[in-house]
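Structure record follows, encoded as structure tokens.
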Amino acid sequence: MIGQMVKQMAEEMAAQITENNDLFPRSSGVLLHVTSLPGQDGIGDLGESARRFVDWLEKCGQSLWQVLPLGPTSYGDSPYQTLSALAGNPLLISLDDLVLAGWLSAGDLNRRPSFSDDRVDFGPVIEWKSDMLERAWQGFQDCASPTDRQELQLWREANAGWLDDFALFKAIKLEQGGAPWLQWPGPLAMRESRALGEAKVRLSRTIDSQCFVQWLFFTQWQNLKAFASARGVRFVGDLPIFVALDSCDVWANREYFRLDDKGQPTHVAGVPPDYFSETGQLWGNPLYDWDRLKADRHAWWVARLRGCLDLVDLVRIDHFRGFEAYWEVPADQETAVNGRWVSGPGAEFFEVLRDELGGQLPVIAEDLGVITPEVEVLRDGLGLPGMKILQFAWSGPDNLFLPHEYVRNCVVYSGTHDNDPTLAWWKHLASSQEKDLATQYVGCNLAEPHWTMIRLGVLSVAHTFIATMQDVLGLGREARMNLPGEGTGNWNWRMPETAYTDPAGERLARLTYLGRRRPDQIRPESAKPLLDPSSSRDSEPGA
């Protein structure tokens, strides 16, 4: 009997390892949000600028492109506080591709303002792109072929489950001058049937326009995904655990959130006080009613994750520890101090997702912060890879982020969108103790700490390594993407056009070859000509 049990456990473990290897072959990639791409419209887009970056990734032997959440942003421009968990960001739509489609003219784009090359100035960009998308909608109405019209209609019908609510939400929001839904007239905020019916008639043209814009986003994204797939590049997406209060998600699904009878949150999300903040972090997102979600077999979450996986190949779930236990703060508090830990949905939630979506979940667990043994049991029991951040590794020889502590089933990052680029971290934030440990660890002075971290990650046993584009280019504090706690000045960094000819790309290709992470080294049938790994050698001993 015991022998049979051991055999069964071994077979189950072998099957899980095989599935995991299929999802996570030894590979590497780059973290760069689409907004950060160079281009003429003041912001990166899904057209030629994105295709060019895919070609660069392929040339450098990279097989993963990690992006931030792709939803429509609102006040503050954060991709982690979007108007919908399922809709796409219209600012990412390529206007040049709309000219090719015939719905804009080249003359329309001749009116393009002069935008900054190194920063996204969101106000002017939003104004410009909104105007051009409205023109494209008019152009579509004037000259779209019967096939184009049918494709749009079929897409609307296939996505009606989320699209109808979002298009109505966005149309009302525009009518209300952008006000949060809690400030709308009561009948609209509370979704009274008569008020919604009247709004659908009154705002029908705007609703149609919003559906058209979403169709453009998803069409361009799927074209980009096919382009990337043909070149051996997979997308890693990002799914925040919580959604914004001012979102279609909460407005249309209030029963799944802990709200009072006026729609206001009773409790909100955050994290408790820690080494970094004496008052914790008060995020303000409404919390889920997990019992109500469970009663519906987590249908809302299933639809959300399915929608995300239609866009990307793998997804990082932000704040994974919140599924084991989350920090609950009464909504009337000004800090996160007076909160408490509350048990999350746990393994049952992920089993439902696995049953509904089929097979192994292509998920990376963002398990940073104060992680308890219970969180580790949940992560490991599900077979999900966690994250290791090399900037966090240097507190002492017992730090589990040091490369010799890694297991294969993890994803290593040089840094994240919330960190200073590694060069800036080394110059401004790393303590003398951290620098001394890192120097002893690699056995030489770190003349180029960003390349040292990239090298450690690439050569580690972890199945996946991701470098930020800022680290590949060796940029400093001016290139930081986000400073948590700062309400302004975030999310606006743009990659310089010169990145495509920077020698850093060739250097990354050589290290990728050395670490056996190139696609043709793992899957020979997909081999592509890459930079010659023997064309030159690293000059910096720590790189």
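The values are calculated or read from the model by the stated rules, or taken from the named source; none is laboratory data. Quantities reported herein were computed from a predicted structural model and do not represent experimental measurements. Don't worry about glycine lacking a Cβ; one is built from the backbone with ideal geometry, like all the others, and counts go over all protein chains shown.
Which residues, taken from the stretch 346-362, are within 19 Å of GLY322 (Cα to Cα) and outside any loop (DSSP other than H, G, I, E, B)? GLY346, ALA347, GLU348, PHE349, PHE350, GLU351, VAL352, LEU353, ARG354 - these are the residues of the stretch 346-362 that are within 19 Å of GLY322 (Cα to Cα) and outside any loop (DSSP other than H, G, I, E, B).
Taking the condition under 27 Å from PRO240 (Cα atoms) and either among the aliphatic types (A, V, I, L, M) or surrounded by fewer than 14 Cβ atoms within 10 Å (Cβ to Cβ) (or both), does LEU456 pass? Judged against the criteria, LEU456 is not a match.
Residues that are of a type in the set (A, V, I, L, M, F, W, C) and touching a Phe, Trp or Tyr at 6+ places or on another chain (Cβ under 8 Å) within the stretch 154-180 comprise TRP155, PHE169, ILE172, listed in sequence order. Of everything in the stretch 216-249 that is crowded, with 22+ Cβ neighbours inside 10 Å and of a type in the set (D, E, K, R), the residue that is nearest to ILE364 (Cα to Cα) is ASP238. Can you tell me which residues in the stretch 274-303 are surrounded by 16 or more Cβ atoms within 10 Å (Cβ to Cβ) and in a helix (DSSP H, G or I)? TRP290, LEU293, TRP300, TRP301, VAL302 - these are the residues of the stretch 274-303 that are surrounded by 16 or more Cβ atoms within 10 Å (Cβ to Cβ) and in a helix (DSSP H, G or I).
Residues of the stretch 490-505 that are surrounded by fewer than 18 Cβ atoms within 10 Å (Cβ to Cβ) and charged (D, E, K, R): GLU497, ASP502.
The helices (runs of 4 or more DSSP H) found entirely in the stretch 418-522 that carry 2 or more residues being under 25 Å from GLN62 (Cα atoms) are 449-458, 469-473, 504-514, 519-522.
Annotation note: of ASP148, ASP121, the sole residue that is over 27 Å from the mean Cα position of the chain (by Cα), modelled with pLDDT of 95 or more, surrounded by fewer than 16 Cβ atoms within 10 Å (Cβ to Cβ) and among the charged types (D, E, K, R) is ASP148. Filtering VAL213, VAL271 for residues that are surrounded by 15 or more Cβ atoms within 10 Å (Cβ to Cβ), under 23 Å from ASP318 (Cβ atoms) and either within 26 Å of the chain's Cα centre (by Cα) or free of Cβ contacts under 8 Å to residues at least 60 places away in the same chain (or both) leaves a single hit, VAL271.
Taken over the stretch 177-224, the criterion of being in contact with a Leu (Cβ under 7 Å, 6 or more places away or on another chain) and closer than 30 Å to PHE24 by Cα is satisfied by PHE217, GLN220, TRP221, LEU224.
Screening LEU104, LEU86, LEU68 for residues that are crowded, with 18+ Cβ neighbours inside 10 Å, part of a loop (DSSP other than H, G, I, E, B), touching a strand residue (DSSP E or B) at 6+ places or on another chain (Cβ under 6 Å) and of a type in the set (A, V, I, L, M) leaves exactly one candidate, LEU68. Contact map, the stretch 504-515: residues that are farther than 11 Å from ILE454 by Cα and among the β-branched types (Val, Ile, Thr) paired with residues that are at pLDDT below 95 and surrounded by fewer than 20 Cβ atoms within 10 Å (Cβ to Cβ), Cβ distance under 9 Å, separation 6+ or inter-chain. No pairs are found. Is it the case, given these coordinates, that ARG51 is surrounded by fewer than 21 Cβ atoms within 10 Å (Cβ to Cβ) and over 17 Å from VAL312 (Cα atoms)? No: the conditions fail for ARG51. Here GLU486 does not fit the description of being out of contact with any strand residue (DSSP E or B) (no Cβ under 9 Å at 6 or more places or on another chain), of a type in the set (D, E, K, R) and modelled with pLDDT under 75. Scan the stretch 314-327 and tell me whether some residue there is out of contact with any Leu (no Cβ under 9 Å at 6 or more places or on another chain) and surrounded by fewer than 17 Cβ atoms within 10 Å (Cβ to Cβ). No, there is no match, as no residue in the stretch 314-327 is out of contact with any Leu (no Cβ under 9 Å at 6 or more places or on another chain) and surrounded by fewer than 17 Cβ atoms within 10 Å (Cβ to Cβ).
Here is the figure for the stretch 459-480: residues that are over 28 Å from ASN490 (Cα atoms) and buried (at least 22 other Cβ atoms within 10 Å of the Cβ) total 2. In the condition set (1) closer than 21 Å to PRO385 by Cβ; (2) among the aliphatic types (A, V, I, L, M); (3) touching a strand residue (DSSP E or B) at 6+ places or on another chain (Cβ under 9 Å); (4) surrounded by fewer than 18 Cβ atoms within 10 Å (Cβ to Cβ), ALA365 is compliant with all but (4).
When the stretch 128-145 is filtered for residues that are part of a helix (DSSP H, G or I) and exposed (fewer than 12 other Cβ atoms within 10 Å of the Cβ), the ones remaining, listed by number, are ASP142, CYS143. All conditions in (1) at pLDDT 95 or above; (2) not in a strand (DSSP E or B) hold for TRP341, with the sole exception of (2). Filter the stretch 166-200 for residues that are touching a residue at least 40 places away in the same chain (Cβ under 8 Å) and under 14 Å from PHE212 (Cα atoms) and give the result. Those that are touching a residue at least 40 places away in the same chain (Cβ under 8 Å) and under 14 Å from PHE212 (Cα atoms): PHE166, ALA167, LYS170. Check whether at least one residue in the stretch 4-27 is touching a strand residue (DSSP E or B) at 6+ places or on another chain (Cβ under 8 Å), at pLDDT 90 or above and of a type in the set (S, T, N, Q), and report yes or no. The answer is yes, given that some residue of the stretch 4-27 is touching a strand residue (DSSP E or B) at 6+ places or on another chain (Cβ under 8 Å), at pLDDT 90 or above and of a type in the set (S, T, N, Q). Considering the conditions (1) within 26 Å of LEU309 (Cβ to Cβ); (2) touching a residue at least 60 places away in the same chain (Cβ under 8 Å); (3) of a type in the set (Asp, Glu), ASP380 is excluded by exactly one of them, (2). Taking the criterion of being polar (S, T, N, Q), over 18 Å from the mean Cα position of the chain (by Cα) and not in a loop (DSSP other than H, G, I, E, B), the residues of the stretch 21-53 that qualify are ASN21, SER27, SER49. Take the residues in the stretch 152-162 that are surrounded by 14 or more Cβ atoms within 10 Å (Cβ to Cβ) and without any contact (Cβ under 8 Å) to a residue 60 or more places away in the chain, then tell me which one is nearest to SER130 (Cα to Cα). Selected residue: ARG156.
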